Amino acid sequence: MERIPDFGKKDREDLSCFGKFLAYCCGSNPADHIVPTRYPPYLKDGHMLYEFPFGDVLDMFDLWTHRKSVTDTDRAYFRKHLKENLCILLGEKGWFDIRSYGPSLYQDLKRISRDRGDRFNGRSGTAAGYLCEYLYGENPHESESDPRSVPRQPQPYQAEVEQYRSWLEHNEYRDPESVINTLNAALRNLVRIVGEKPIGEITSDDLRTYRSAMSDSVKERTVKGYMDQIRLFVRTVTGKDLYSDMKIMFNRPMVKRMFLTKEQYRTALSVADPDEKLALVMCATMGLRRNELASIRLDDIDGGYIKVPSRRLDPDSHDYVRLTDPAKDALDDYLKYRDSVISEYGDASECHLFVYRNRYCGKPMTEEGIEKMMQRLSEKAGFRITATNARRLYADTMNKKGVDRNTIQRMMRHQDFDSTVRCYLAVDPCYTDEANDFIDGFLA
């Protein structure tokens with residue numbers, strides 16, 4: 001018997017064809033006596049066996065998993081993974097009867113998988129469990145708990161989390177379920193570290209303790225994501241900002257906020273398409289956010305006002321923002337343009353104001369679509385334009401006209417006055433330039 005190194009599928013096919021040709025010419029097939037080293041011979045009844053002995057078992061197992069509605073991809077993986085592990089087990093123990101091996105087969109397959117670097121928590125464990133269920137009637141994988149896994153804790157603050165979920169859905173967050181899953185994981189860790197307490201009693205010191213305890217085993221980026229979710233959750237439910245007393249939470253450079261000047265605003269209007277112009281005007285003269293633009297429906301516009309979802313916890317609350325004269329003119333132009341898009345591609349807008357005009361023609365525009373529309377306008381204008389820096393122009397214009405800052409906060413629809421000052425007013429570089437010019441002139 002000749003032994004050769006392992007070779008690929010194409011090599012085996014070529015060898016098989018050549019062997020059949022020799023069998024036709026000479027009456028014997030030398031390829032029948034060549035065995036790849038990946039399939040070692042097994043001793044059975046004093047004779048060497050060179051073929052995988054459990055092919056019929058895996059065939060019936062494959063049919064059994066098909067009846068259990070296992071996907072074709074998983075069934076192919078099960079067969080490949082089990083065959084490789086069973087080959088290794090046969091090499092260790094010699095030939096055995098798999099039907100009488102017993103449930104200990106699961107533990108042997110688990111040991112072999114982990115020796116090969118497989119954690120045995122996913123499809124490999126499922127494959128071994130299904131095989132034992134098929135052969136012996138019980139599935140050890142379902143009843144076995146991995147000792148390395150942490151027992152799942154009961155979910156804290158369930159009532160408040162459901163309120164928060166309603167608030168997310170009302171404000172049309174892109175993926176509320178993903179946000180809730182992250183928040184639940186963060187809250188379980190918070191309760192484990194600082195203990196369960198009423199939401200109103202969670203303090204900044206608790207977040208510091210949480211950060212210190214989590215940083216040893218979790219990436220800093222993940223810790224920050226958890227803390228941001230806890231902060232937004234607590235602020236939405238109680239109105240208290242846990243970051244306000246913590247000063248600098250993470251060592252990172254100051255965020256460079258972008259501003260839009262009046263000259264840039266006029267330039268952007270001159271090159272904007274009707275939908276881009278309406279979005280820009282609504283942000284710069286009414287202070288609307290990107291998600292609010294995407295949520296506007298035609299029946300939300302009534303009597304010179306636009307109804308937008310409130311950022312308060314109550315899902316039925318709304319804010320009414322007055323339509324400015326520039327916004328009315330831009331709206332009239334856009335509605336004519338919108339009618340032409342719908343007449344050409346059909347009405348799939350579900351009565352939303354903004355509709356796509358490119359890939360998803362006639363369908364309601366999402367928050368991401370608003371952002372991409374602003375990016376197109378930025379490319380045409382030659383400078384960066386976002387809904388946020390247009391809102392900064394809105395706040396800055398009122399501030400320079402002497403409007404009281406509490407009124408600006410109300411017009412911006414901020415729950416926290418610090419957000420108005422820190423993110424929209426105090427960071428404008430023109431104030432620093434004016435102060436430097438004043439010092440230069442005064443001390444010259």
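A few points about this structure:
- Subset of LYS224/LYS307; LYS240/LYS277; LYS197/LYS307; LYS380/LYS401; LYS224/LYS328; LYS328/LYS372 violating a 32 Å alpha-carbon distance limit: LYS224/LYS307; LYS240/LYS277; LYS197/LYS307; LYS224/LYS328
- Under 9 Å, Cβ to Cβ, from ARG297 - net charge with Lys/Arg +1 and Asp/Glu -1: -2
- Interchain or long-range residues, amide H under 5 Å from ASP319's placed H: VAL308, SER310
- Packing here is the average count of other Cβ atoms within 10 Å per residue, and on that basis the peptides 284-291, 344-351, highest first, run 284-291, 344-351.
- For the peptides 195-206, 295-306, residues were scored by their other Cβ atoms within 10 Å and the scores averaged per peptide; the highest-first order is 295-306, 195-206.
- Distance cut-off 29 Å, percentage of C-alpha pairs in the stretch 262-432 lying past it: 19 percent
- Ordering of 269-281, 328-340 by packing [mean C-beta count within 10 Å, highest first]: 269-281, 328-340
Just so you know, all these numbers are worked out from the coordinates, no wet-lab data involved. As the structure is a prediction and not an experimental result, all values here were calculated from the model. Reconstructed Cβ throughout: ideal geometry from the backbone, glycine too, with neighbour counts over all protein chains shown.
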